[in-house]
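> The structure that follows is given in the form of C-alpha cells.
No lab work stands behind these numbers, since they all come straight from the coordinates. It should be emphasised that the depicted structure is a prediction, and the values quoted were computed from it without experimental measurement. As a convention, Cβ positions derive from the backbone with ideal geometry for all residues, glycine included, and neighbour counts pool all protein chains shown.
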Amino acid sequence: MARISAIVSTLLLLFAVTAVVATSVEHENQSSSAGLFWSTAKEGGDLVHKSGDATATADDIDGGFSSLDGMLQWAIGHSDPAKLKEKAQDVKRLSPSELRQRQLEIKELMEKLKMPSDAQLMQIALDDLSNSSLSLEDRHRALQELLILVEPIDNANDMCKLGGLGVITRELDHSDSDVRKLSAWILGKASQNNPYVQKQVLEIGALATLMKMVNSSSADEATKAFYAVSALIRNNVGGQQLFFMEAGDKMLQDILSNPSVDIRLRRKAVFLVGDLAECQLENTDKAEMLFFSNSLLLKSVVDLTASGDLDLQEKALVAIKNLLQLKTTEAMVFEEFCRLGEALERMKKQLEEDHREYAIDVESLRKEVELAFQAKLENGRAVPT
C-alpha cells in the first residue's frame, strides 16, 4: 500500500502543476511533455486533457492506464480536494519561465516514472489482502482500491485471471462488517452485466454466502450483499436456478413482507422480482421456473401496493405487471389469495388524494396493471375445464 500512496502523491503534484500551466501560459495549448495536450481549466478539478502516449500494460493481461488522463483521474479519486487546490495555488505564484521549467521537469518525471497498469494495481491490492498481518485500515484501503479498479469490464475480467475472485470471496467471511460489505460490493460491480465473471463467481460458490449476508443486522452490509446477489443472477438463467435452489423466493418473501426491513433493501428486492419476471418473458424458449408459482411471494409483492412509500409502490406495480404476463402465474391466485383487485382499488383512492406529479405517473401505471389483471382473469375463465 505504501507504493500506491507514493504513486498518488506523485500524480497529485503532476496534476497540480499541469493544471496551473494550462491556465497560466496563454496561447500555449501544446505541452512539451511527451506529446500531451492540455486545455484551459477554471479550477484544478476541471482540467480536461487528451490522450497521450503514456501507457503501461501487464504481460498477458488486458487493462492499464491508456493515457495520462487515466492516471490523473485515478489519482484525483484518491486525493483530498482541499490539498489539491492548495498545491495548485502554490504553483500559480510561479513566473512563466518557472512554469516552463516545471514542464520540462514533468517531462523528465514521466520518462523516469513507470506507471503501473490497472492490472498491476489490482495485483498489489490482492497481494495485500492475502497478507494475514495486514492492518484493518490497510485492508479497507485495498478493498476500496479494487472497488474503483474493477468497474470497467476488462478490469473485472483481469481480476479473474489474477485469481482475485477467490481472494475477495474469502473476505466475505471476515469478522469486520465493513470488510464483508466492501467485498460483496466488489463482487457485485465485477458481475454486473458480465457473464464471464458471473460464471466464475457462481462456480466459486459465493452466491450462498452472499444470500446469508442479506440477513445481516447491518443494513449497509445487507444492501451491498443483495446488490451482489442481484448482479450475479440478472440475465443469468443458471444463476437464477441456483438462487431458487438456495430458497431465493423465500428470502425475497421475507424481505418484502417485513416492514421493519430497511426500505432500500425492500426496494431492491421488489425490483429484482420484476426484473426476474421480465427476464423470463424475454426468454420464451426457457421453461418458466417454479419460483413464480410461490403464492406467498406473489402476495408479499401485491401487499406492497399499500405502502406509504410511492417509490416502493411503483416498483411493486412494475413487478406485478410483469408477473401477470407469465404463463405459470394463476389468475385465481392473484384474485382470491393475493386480493389484487381490492389492492388496486385501495391504491386508486389513495392516489386520487395525492396530486403530486409522481403520484399521477404511478396512477397511470396502476391503470395498466388493472387492465393486465382483467385480461388475465378473462383468459383464465376462457380456458375449458
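> Report the charge-dipole magnitude of the range 75-233 in Debye, nearest 20, computed about the Cα centre from +1 at each Lys and Arg Cβ and -1 at each Asp and Glu Cβ.
Using only the charged Cβ atoms, the result is roughly 380 debye.
> Right, next: DSSP loop (so not H, G, I, E, B), at most 15 other Cβ within 10 Å: list which trypsin sites (Lys or Arg not before Pro) in the range 96-194 pass both filters.
Sparse-neighbourhood loop trypsin sites (Lys or Arg not before Pro): Lys114.
> Fewest first, what order do Ser300, Ser133, Ser216 take by the number of other Cβ atoms within 10 Å?
Least crowded to most crowded, the residues run Ser133, Ser216, Ser300.
> Right, something else. Rounded to the nearest 0.05, what FRET efficiency is calculated for Ala82 and Ile153 with R0 set to 41 Å and r the Cβ-Cβ distance?
0.75
> If you don't mind, there's one more thing I want to ask. Contour minus end-to-end for Asp138 and Phe337, with contour as 0.36 nm per residue of separation and end-to-end as the Cα-Cα distance?
Length difference between fully extended and current span is 66.4 nm.
> Also, I was wondering about something else. Using R₀ = 30 Å, calculate the FRET efficiency as 1/(1 + (r/R₀)^6) where r is the Cβ-Cβ separation of Val261 and Lys348; round to 0.05.
0.70
> Once the mean 1/r over all distinct Cα pairs of the range 197-302 is inverted, what Kirkwood radius in angstroms do you read off?
13.9 Å is the Kirkwood radius here.
> Continuing with the same structure: Test of understanding: what is the full-extension gain from Ser364 to Asn215, defined as 0.36 nm times their sequence separation minus their Cα-Cα distance?
That works out to 50.2 nm of additional length.
> How much length is gained if the chain between Ser175 and Lys250 is pulled fully straight, taking 0.36 nm per residue apart and subtracting their Cα-Cα distance, in nm to one decimal?
Stretched fully, the Ser175-Lys250 segment lengthens by 24.3 nm.
> Further question: From the alpha carbon gyration tensor of the range 118-246, can you work out the equivalent ellipsoid semi-axes (sqrt of 5 times each eigenvalue) and give them in Å, largest to smallest?
22, 18, 11
> Explain nothing, just compute: Karplus ³J(HN,Hα) = 6.51 cos²θ - 1.76 cosθ + 1.60, θ = phi - 60°, for every residue of the range 119-125 in order, whole Hz, x for Gly and Pro.
With coefficients 6.51, -1.76 and 1.60, one gets 4, 5, 5, 5, 5, 4, 5 Hz.
> Give me the distance between the Cα centres of the range 236-295 and the range 171-213, rounded to whole Å.
Between the Cα centre of the range 236-295 and that of the range 171-213, the gap is 18 Å.
> While we're here: Pairs Lys250/Lys367; Lys299/Lys327; Lys181/Lys250; Lys83/Lys107; Lys161/Lys199; Lys250/Lys315: which exceed 25 Å Cα-Cα?
Distance filter (> 25 Å) returns Lys250/Lys367.
> Please arrange Arg93, Arg266 by how many other C-beta atoms lie within 10 Å of their C-beta, fewest to most.
Lowest to highest Cβ neighbour count: Arg93, Arg266.
> Would you work out which of Ala125, Ile186, Met213 lies farthest towards the positive end of the dipole of the range 118-246, given +1 charges on the beta-carbon of Lys and Arg and -1 on that of Asp and Glu, about the Cα centre?
Checked the options; the winner is Met213.
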